1. What are the residues in segment B:344-362 that are within 16 Å of the ligand (Cβ to nearest atom), more than 8 Å from chain A (Cβ to nearest Cβ) and more than 17 Å from A:S62 (Cα to Cα), if any?
2. Select from segment A:143-165 the residues that are surrounded by fewer than 20 Cβ atoms within 10 Å (Cβ to Cβ) and among the hydroxyl-bearing types (S, T, Y) and list them in ascending order.
3. Only residues that are under 19 Å from B:E222 (Cα atoms) and either part of a loop (DSSP other than H, G, I, E, B) or outside the structural domain of B:A262 (by TED's automatic domain parsing) (or both): list them for segment B:137-158, please.
4. Can you name the helices (runs of 4 or more DSSP H) wholly within segment A:138-224 that have at least 1 residues being within 7 Å of chain B (Cβ to nearest Cβ) and in contact with a helix residue (DSSP H, G or I) (Cβ under 6 Å, 6 or more places away or on another chain)?
5. Report whether or not B:F16 is more than 10 Å from every other protein chain (Cβ to nearest Cβ) and under 22 Å from the mean Cα position of the chain (by Cα).
6. Residue check: is B:D300 in contact (Cβ under 8 Å) with a residue 24 or more places away in the chain and either within 10 Å of the ligand (Cβ to nearest atom) or outside the structural domain of B:D374 (by TED's automatic domain parsing) (or both)?
7. Would you check which residues across segment B:34-47 are surrounded by 14 or more Cβ atoms within 10 Å (Cβ to Cβ), under 27 Å from B:I245 (Cα atoms) and either at the interface with another protein chain (Cβ under 10 Å from one of its Cβ atoms) or β-branched (V, I, T) (or both) and list them?
8. Go through (1) out of contact with any helix residue (DSSP H, G or I) (no Cβ under 6 Å at 6 or more places or on another chain); (2) among the aliphatic types (A, V, I, L, M); (3) free of Cβ contacts under 8 Å to residues at least 40 places away in the same chain and name the single condition A:I112 misses.
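The values are calculated or read from the model by the stated rules, or taken from the named source; none is laboratory data. Because the structure is predicted, anything quoted here is derived from the model rather than measured. Cβ placement follows ideal geometry from the backbone for every residue including glycine, while neighbour counts extend to all protein chains displayed.
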Amino acid sequence: MHADEHSHIKNEQMKVGLFIPCYIDQFYPNVGIATLQLLEKLGCHVSFPLNQTCCGQPMANSGFASLSKSCDKNFVSNFRGFDYIVGPSGSCVLHLKEHLHDEQHPGEAEHIRKHVYELTEFLVDVLKVEKLNASFPYKVGLHNSCHGQRGLHLSSMSERNLPAFSKPQQLLNMVQGLELKMPSRPDECCGFGGTFCVFEEAVSVKMGKDRIADHASNEVQYITGGDTSCLMHLEGILKRNGSKVKTIHIAEILNSNA
Amino acid sequence: MSHTSTLKHAEAAAQFINDEPRTNWHDETLWFVRQKRDKAAHGLPEWEQLREWASQIKNHTLSNLDNYLLEFERNAKANGVTVHWAMDGADHNRIIYDIIQKNNIQKIVKSKSMLTEECGLNEFLHTKGIETVDTDLGERIVQFRNEPPSHIVLPAIHLKKQDVSDTFHEHLNTEKGNNDPQYLTEAARQHLREKFIESELAITGVNFAVAETGGFVVCTNEGNADMGAHAAKIHIACMGFEKMIPKAEHLSVFLRLLARSATGQPITTYSSHFHKPREGQEMHIVIVDNGRSRQLGRADFRNSLKCIRCAACFNTCPVYRRSGGHSYHTAVAGPIGSILNPNIDMRANADLPFASTLCGSCSNVCPVKIDIHDQLWKWRQVLVAEGYVDTTKKVGLKGMAFLLARPRLYRFAGKMGRGVMRLFPWLVNNKLNPWYKQREMPAPPKQSFRDWYLQNKK
Ligand code: SF4
């Protein structure tokens, strides 16, 4: 935990580098906007390095980690010098934490690995947010993305015999009017899985359909989560089937105006 | 319905899912087993500690395997057991065939042993005109149907009551359409009882081999290993060399973990300890390598040999539950199979490490703490480096890597109508694109986040 190490830094003195993963930049700019506004509301000094592209995960998870070297380099040159790097995607953040390397700048790469945070963990562990001025009067189902949960330990896992907690739930509980509904399988994978979603199309879609059915049985209006990739996959299925259920990134809910 | 071993996982899985109600049933049945496991695991405050101990004992054993194997051999021999060493599956099968020939054996019963599946023992003996009878109920069912098991603990889990009824009607002459489990089990029991009584040779697997005593433990719920071994004049126990544990006291860790992880039972109905042949009986142990020493030499993958074959990783795997064991086209399916089988044949099994979303649930349930999903990731790197991944994938990802390393080009591609095609080659909006088959594309926004930022924040 690096929170304590920096607990003396006041929010406004914190130099936060905003990491917006490539598919959010391209397809879901609102998620980026919500993340930026939320961090600023909480007093952080946020900048968005303009030459960022991607964390390299799509290549690495497909077995081409060797190809992501230049991508890594680009990441390091964009994000060196920040106190924290924050991104609204558990899966990209996990990838960076585990695999970001730069032979020419090993120290800077290490600093990034140790100071890159997924949004909800940053809010809970570093900013220690206890209340939010947000309201979202809907029935919402939470999708725990695997990489956020099992990789970054954003919440306890149903398999393990350890005390229960959930950082995203803790934050959602601060939102006025929001009625949180957990699916019967609280941490089953949605089936996105990077290139798995196309190379194993049948299983991927079936997994997504099953997650949706689980949430739908709670009559939720929204499915939220910390990973846009999972949500993009679920949204694709919901839309194809003409469902009224919508997906929304947790940053958008936490930033929603009261 | 015969096993189609040539299909890759994705294709076989798609076929499986074609029958959606059956897929749902398969998923729910195994999820139920997973929940029973959770209940059993969460009921023991020391659960995580037990996992840690099991992992450490296995790690220690694997690093000292040569010594423990020799100690085991010494002690087993002193107990009057004949110990055989088999380099590979063929060796294993030959050793067993020799014993059969020497003793002029006709009737063989076999309790569950995934190792004999791995070595293809039944098929081999069949080519020699010798039939083995699998005595585990599930295994007998799939054997009648000429199918391989689809799960290492629940071999016939892909079949419904109706399928079993049809199979028994055909092979055991049960009443057509009678799906009553009790009736069907009774028919199997009568049938198997006869086989036990007639048998001259019993083949069993081994769950744990204890170096210090030269004894071994076989765990079953049906008692069929015991029925076989106690009735036949020869008992052959087959084991992969990783079944070793140093001391009998270590069983207290593993026996508590095994059944809880497998089915949620506190312990298997029968945990039978074999040490020496009874009067007039012959006892053999066949210790098999079959690629295990190669795996032991792979630093990233060696600890896959800690596996105690509980199948918890199968039951929890969201991909396995929705694709069925046969889609993995190997004796040991599921997540653990996907990290063991590339070691046995990289080319034939190159698809398996990709048959996962890397969700990590497998590593969390594993009672011996194998980092299964990390090993899946590492196998992907190895398979790509060794050239076992098809070129279209390679070209696509190379193009993507090129673009993502060049911020300007990336932005330009993005501007070309949010250039999905070049950025995310799998998100192309056409009928050939697997994304689009059952999912809509995200609607392209007017501007990227970066453009918004430049307009509003700079
Ligand atoms: S890898 Fe672990 S969970 Fe899977 S079968 Fe082996 S011991 Fe059980």
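1. B:I344, B:C362
2. A:S156
3. Residues satisfying the conditions are B:P149, B:S150, B:H151, B:I152, B:V153, B:L154, B:P155, B:A156, B:I157.
4. Counting at least 1 such residues, we get A:196-199, A:201-216.
5. It is false that B:F16 is more than 10 Å from every other protein chain (Cβ to nearest Cβ) and under 22 Å from the mean Cα position of the chain (by Cα).
6. Numbers: in contact (Cβ under 8 Å) with a residue 24 or more places away in the chain: yes; either within 10 Å of the ligand (Cβ to nearest atom) or outside the structural domain of B:D374 (by TED's automatic domain parsing) (or both): yes.
Considered against the rule, which asks whether it is in contact (Cβ under 8 Å) with a residue 24 or more places away in the chain and either within 10 Å of the ligand (Cβ to nearest atom) or outside the structural domain of B:D374 (by TED's automatic domain parsing) (or both), B:D300 comes out as yes.
7. Passing the criteria: B:R34, B:R37, B:D38, B:A41, B:H42, B:L44, B:W47.
8. The single condition A:I112 does not satisfy is (1).
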